[in-house]
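Peer 1: Take a look at this one; I'll ask things after.
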Amino acid sequence: AYAAWTALLLMIVSAATLLAMRHASKLILAEEDMRKAAETDPLTELKNRRSLREAIDTHCAGVKVAENSLALLTLDLRDFGRVNDLLGQDAGDALLRLVADRLRGVAADDMLVARVGGDEFSLLIHGDDALSKAFGTARLIVEAFLQAFGLRGHTYLMKVAIGIASLELSPAAGSELWR
């Protein structure tokens, strides 16, 4: 009788442990999904404004931040509203995804590419001589945007305005760079 009760109790404890482990793994996966959703733009699957700000703040939180170790490119699509007006928001969304893909193709692996607003994107460049890398990347972006985007059987040439800011040594470097 004792052996039967011990076996039954062992089975119950094993089953409870197994259920708890399954539940814990589901919670971990759900937490990862929520973190990704909080850090990612759902349309383009690029990082979002919040992730970009956190990356800037993380870089600037170091005790000693080297001058010219961080640069930010901001891009604004010119006349993007025309696509939305002529073809509708679904076409505009498709174009934004194409733009995101093109920016991914231009950006180096160590660059953070983010969608920070409706038709606004940013690239964060860090490392030695970040400003020079930013100018080189801006040239690559301009060249990439000389190619028209194919959308619904038509081609659209999108113009892009690019601004570049670099990190200067100061206590409020991160917020200055963002501004």
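Peer 1: Can you tell me which of 76, 110, 41 is touching a His at 6+ places or on another chain (Cβ under 9 Å) and not aliphatic (A, V, I, L, M)? Lay out the reasoning, then the answer.
Peer 2: Values: 76 fails: touching a His at 6+ places or on another chain (Cβ under 9 Å); 41 fails: touching a His at 6+ places or on another chain (Cβ under 9 Å).
Sole residue among the options that is touching a His at 6+ places or on another chain (Cβ under 9 Å) and not aliphatic (A, V, I, L, M): 110.
Peer 1: Kindly provide the set of residues from region 1-41 that are closer than 29 Å to residue 177 by Cα and either exposed (fewer than 10 other Cβ atoms within 10 Å of the Cβ) or in contact with a strand residue (DSSP E or B) (Cβ under 7 Å, 6 or more places away or on another chain) (or both), ordered by number. Full working, then the answer.
Peer 2: Initial filter on region 1-41 (closer than 29 Å to residue 177 by Cα): 34-41.
Correct list: 39, 40, 41.
Peer 1: Looking for whichever is charged (D, E, K, R), closer than 24 Å to residue 58 by Cβ and open to solvent by 10 Å² or more (accessible area, probe 1.4 Å) here; the options are 159, 133. Which one fits?
Peer 2: On the way: 159 fails: closer than 24 Å to residue 58 by Cβ.
Checking each option against the conditions leaves just 133.
Peer 1: Which residue is farthest from residue 163 (Cα to Cα), if the candidates are limited to region 84-105 and must be out of contact with any strand residue (DSSP E or B) (no Cβ under 8 Å at 6 or more places or on another chain) and open to solvent by less than 30 Å² (accessible area, probe 1.4 Å)?
Peer 2: Looking at the filtered set, the residue picked out is 88.
Peer 1: In region 58-86, how many residues are modelled with pLDDT of 85 or more, of a type outside the set (Phe, Trp, Tyr) and within 20 Å of residue 145 (Cβ to Cβ)?
Peer 2: The number of residues fulfilling the criteria is 11.
Peer 1: State yes or no: is residue 50 surrounded by 10 or more Cβ atoms within 10 Å (Cβ to Cβ) and within 29 Å of residue 160 (Cβ to Cβ)? Write out each step before concluding.
Peer 2: On the way: surrounded by 10 or more Cβ atoms within 10 Å (Cβ to Cβ): yes; within 29 Å of residue 160 (Cβ to Cβ): yes.
Criteria met by residue 50.
Peer 1: Determine if region 68-76 includes at least one residue that is out of contact with any helix residue (DSSP H, G or I) (no Cβ under 8 Å at 6 or more places or on another chain), open to solvent by 80 Å² or more (accessible area, probe 1.4 Å) and not hydroxyl-bearing (Ser, Thr, Tyr). Don't jump to the end; show me each part of the working.
Peer 2: So the first thing to find is which residues in region 68-76 are out of contact with any helix residue (DSSP H, G or I) (no Cβ under 8 Å at 6 or more places or on another chain), and the list is 74, 76.
Within this subset, residues satisfying the condition of being open to solvent by 80 Å² or more (accessible area, probe 1.4 Å) are none.
Looking for residues that are out of contact with any helix residue (DSSP H, G or I) (no Cβ under 8 Å at 6 or more places or on another chain), open to solvent by 80 Å² or more (accessible area, probe 1.4 Å) and not hydroxyl-bearing (Ser, Thr, Tyr), one finds none in region 68-76, hence no.
Peer 1: Starting from region 22-40, take each residue that is free of Cβ contacts under 8 Å to residues at least 24 places away in the same chain and list its partners that are surrounded by 10 or more Cβ atoms within 10 Å (Cβ to Cβ) and part of a helix (DSSP H, G or I), counting only C-beta distances under 9 angstrom and pairs at least six apart or across chains.
Peer 2: Pairs that qualify, where the first residue is free of Cβ contacts under 8 Å to residues at least 24 places away in the same chain and the partner is surrounded by 10 or more Cβ atoms within 10 Å (Cβ to Cβ) and part of a helix (DSSP H, G or I), are 38/50; 38/51; 39/50; 39/51; 39/54; 40/51.
Peer 1: Give, as residue ranges, the helices (runs of 4 or more DSSP H) completely inside region 89-179 that count at least 2 residues that are closer than 18 Å to residue 43 by Cβ and under 17 Å from the mean Cα position of the chain (by Cα). Outline the logic, then answer.
Peer 2: On the way: elements: 89-106, 130-144, 173-178.
So the answer is 89-106.
The values are calculated or read from the model by the stated rules, or taken from the named source; none is laboratory data. All values derive from a computational prediction rather than experimental measurement. As a convention, Cβ positions derive from the backbone with ideal geometry for all residues, glycine included, and neighbour counts pool all protein chains shown. Keep in mind that these areas ignore ligands, DNA and RNA; they rest on the heavy atoms of the full protein, side chains included. Shrake-Rupley method; radii C 1.70, N 1.55, O 1.52, S 1.80 Å.
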